[in-house]
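Visitor: Quick one: the structure is below, questions incoming.
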Amino acid sequence: MDRQDWAVYVPATRAVGPQVIRACEPFPPRLSTMPSQPFDRSTALQNLENTEFDMVVVGGGITGAGVALDAASRGLRVALLERDDFASGTSSKSSKLIHGGLRYLQQGDVRLVYQALRERKRLRRNAPHLVHVLPFMIPILTKDGVVSRKIARALGSAMWMYDLTGGWRIGRLHRRLKADKAFAHLPTMPRQKLASAYLYYDAEADDARLVVSVLRTAADNGATIANRCEVVTIDSPSRTSHVVTARDTITGATLRITTRSVVNASGVWADDVRALDENSHPDTIRPAKGVHLTVPWEKVRNDIAVVIPVPRDRRSLFVVPWIAKEDGTYQYTYIGTTDTDYKGPVNDPQCTRDDIEYVLAALNASVTTDVTFEDVSGVWSGLRPLVKMDDTSAKAGRTADLSRRHRVFTSDNGVVTVTGGKLTTYREMAEDAVNEACELLNVKTKSRTRRLSLRGASGKRARSTHADRHLDGRFGSDSSIVKQLISQNPTLGEPLVPGLPYLRAEAVFAVTHEMATSIDDIMTRRTRSRLLDRKACVAATPALADLVGPLLSWTPEQRATNIAFFLDECAREDAAAQVTEQEFIDSHKDTK
Ligand SMILES: Cc1cc2nc3c(=O)[nH]c(=O)nc-3n(C[C@H](O)[C@H](O)[C@H](O)COP(=O)(O)OP(=O)(O)OC[C@H]3O[C@@H](n4cnc5c(N)ncnc54)[C@H](O)[C@@H]3O)c2cc1C
């Protein structure tokens, strides 16, 4: 980037509360790339107070991660603050699909689907280790079934539209399958009901791993990244000069960070963060809850993803095989998602008995194996940060019908907020938000992320054995570091949770390379153990604490607190599954 690309910015000295901010220097000449930063929390905390940033990003979900990467790769000095763990909000609780969304096409949102399918292609190119092609089947049932032939014809047209809108970018077009072929993909279906099926292709990615990979790539491009730092105040002496105060939620220390711009990427909490800046709560977000259940694969035996209808509802659910085994079968299948208006505590969405009954009823209407409550080994529940369209749509209509498009908004004080959107479209959302911030700063730059490989994508990737493929699909070329840990200490090659595919070395890597600071970080997001089998995780918790406690320098009290926190999270998840949605909301009446 040339020096003349940067506008000279010389504000006067101003008072902010009791403190005085020194006048910002003119923008110094930037290198085309900033020196890379270690992905290490204590170094990040030091940087936060010692650096004058061009941008502070609030929120470490996929949107914030994308913004940090986009801005850092343009050469801006960026800090990202996440109050909990990376992806601990919605970004670890999605359906894990990198897709256009056939449903949005049926709702007439062609632009959204076109953009998402274009982003799907970019993500497959930039993160081939994390984003994998996933075939989908939509069964067509006979007259007595749930979907009529008329609907089947309409579906055929929708499939062509999907291909034309960008589905073709994956290199394969949709096909019609005869009943026998369709049955082979889901042999637990009632064969007599099956008329035929459509087969099409989308992609999948482990959402929480994608977030960590984007964040590590941002750090490689010079961004300072810290989790467990909650933004508590934003003061704005001018539209291009801000002081952000954050609380280190581990030590309780206060951090004071100066920056030329702020991007609020805090998902369903976006209004709360806007309130720090605007002094009133704008009430623009309408959270919509979605849950998923995990059951043993043997109960479903689908070898590809299947879209099943929900009887007496206009929705359908995805039934996705998960954790491939060496023999080509799978260990689990997950089913989701619901899409309901959410009235409960935003910090604690849970999967209730109502949710489980809804999903199981839909599944059991499509398979003959009678999947029961007792078969459910894991659940997750997340909130879509949907943007209210206007006053009318805020009060009426189903959340499923609200647009998944994103919005970028700049406050009078110059704080940029980016909300809405999808996991799939995070890069484009980030580009738009950073463009907006750059316009405010009068900086002429262009996004560089369209062809920017994510961490682990380049370099040597081993994929010859099943174990190689497991590590490659999670770390890409960084799996060599995990393997090195195992060669130094073979006990790290043992399972982290008996029966699950993750290795003890992955927990060590999570602490040393991915800023995991708790048992929950490792069980729930760095690995997906809790989503697969909660009970097995509970049993494996003390052993995990013994493994990572010394790395995190835990005292005996900290070890006990960490174990108690995770077990409490699991117990609350268990308890929520026993009560109705209303009982759950009533029990949280006084919590936000
Ligand atoms: C059930 C469900 C299924 C979905 N499935 C798909 C799918 O298959 N494909 C797809 O493309 N999209 C999907 N989505 C949408 C997608 O998951 C979301 O759009 C996306 O994850 C939102 O990311 P985000 O970063 O905006 O929000 P979040 O991930 O919630 O991140 C916001 C972060 O901000 C942090 N934060 C809040 N306040 C502060 C503060 N004061 N200081 C610091 N940090 C703060 C939070 O802790 C949180 O981590 C799904 C969504 C749901 C709910």
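Visitor: From the Cα gyration tensor of the stretch 156-258, with a ≥ b ≥ c the square roots of its eigenvalues, which class applies: rounded if a/c is under 1.5, or else prolate if a/b is larger than b/c, or else oblate?
Guide: Numbers: a/c = 3.81, a/b = 2.78, b/c = 1.37.
Judged from the Cα gyration tensor, the stretch 156-258 comes out prolate (a/c at least 1.5, a/b above b/c).
Visitor: If you wrap the stretch 80-172's Cα atoms in a convex hull and average its projection over all directions, what's the area in nm²?
Guide: Result: 8.3 nm².
Visitor: What distance in nm lies between label points placed 7 Å from Cα along the C-beta direction at Ala564 and Tyr114?
Guide: 5.7
Visitor: Expressed as a fraction of 2.2 N^0.38 Å, the rule-of-thumb size for a compact globular protein of N residues, what is the C-alpha radius of gyration of the stretch 169-228?
Guide: Normalised Cα radius of gyration, the stretch 169-228: 1.97.
Visitor: Note the direction-averaged projected area, equal to a quarter of the hull surface, for the Cα convex hull of the stretch 197-243, in nm². The partial results should precede the final answer.
Guide: On the way: hull surface 27.6 nm².
Spelled out: convex hull of the Cα atoms, projected over all directions, averaged, 6.9 nm².
Visitor: Label His588 and Thr254 with points 7 Å out from Cα along Cα→Cβ: what is the distance between them in nm?
Guide: Result for the modelled spin labels: 3.0 nm.
Visitor: When the Kirkwood hydrodynamic radius is evaluated over all pairs of different C-alpha atoms of the chain, what value in angstrom, to one decimal, is obtained?
Guide: Evaluated over the chain, this radius sits at 24.8 Å.
Visitor: In what order do Ile304, Ile234 fall by count of nearby beta-carbon atoms within 10 Å, going from fewest to most?
Guide: Listed from fewest to most nearby Cβ atoms, that is Ile304, Ile234.
Visitor: For the stretch 211-325, what's the radius of gyration and Dmax over Cα atoms, in angstrom?
Guide: 21.2, 61
Visitor: What's the center-to-center distance, using Cα atoms, between the stretch 41-59 and the stretch 152-183 in Å?
Guide: Between the Cα centres of the stretch 41-59 and the stretch 152-183 lies a distance of 47 Å.
Visitor: Semi-axes, largest first, in whole Å: what does sqrt of 5 times each Cα gyration tensor eigenvalue give for the stretch 403-467?
Guide: Working from the Cα gyration tensor, I get semi-axes of 33, 16, 8 Å.
Visitor: Let me ask another. Mind scanning Lys96/Lys325; Lys299/Lys535; Lys93/Lys422; Lys422/Lys460; Lys535/Lys589; Lys96/Lys121 and naming the pairs with a C-alpha gap bigger than 24 Å?
Guide: Lys422/Lys460; Lys535/Lys589
Visitor: Taking the square root of 5 times each eigenvalue of the Cα gyration tensor, what semi-axes in Å does the equivalent ellipsoid of the stretch 465-533 have, largest first?
Guide: 17, 14, 12
Visitor: Using only Cα atoms, tell me the angle between helix 149-165 and the longest principal axis of the chain; keep it within 0 to 90° and round to the nearest 10.
Guide: For helix 149-165, the angle is close to 30 degrees.
Visitor: Looking at the chain, send over the antiparallel percent of its DSSP beta bridges, to the nearest 5.
Guide: Around 80 percent of the beta bridges assigned by DSSP in the chain are antiparallel ones.
Visitor: Suppose we look only past 16 Å in the calculated P(r) of the stretch 465-592. What percent of the Cα-Cα pairs does that tail hold?
Guide: Result for the distance tail: 65 percent.
Visitor: For the stretch 279-333, compute Rg over Rh where Rg is the Cα radius of gyration and Rh is the Kirkwood radius from the inverse mean 1/r over Cα pairs.
Guide: Looking at the stretch 279-333, the ratio lands at 1.24.
Every number here is computed from the coordinates shown, using simple stated rules; none is lab data. Everything numeric in this text was worked out from a predicted model, so none of it was measured. Ideal geometry is used to build each Cβ from the backbone, glycine not excepted, and the neighbour counts take in all protein chains shown.
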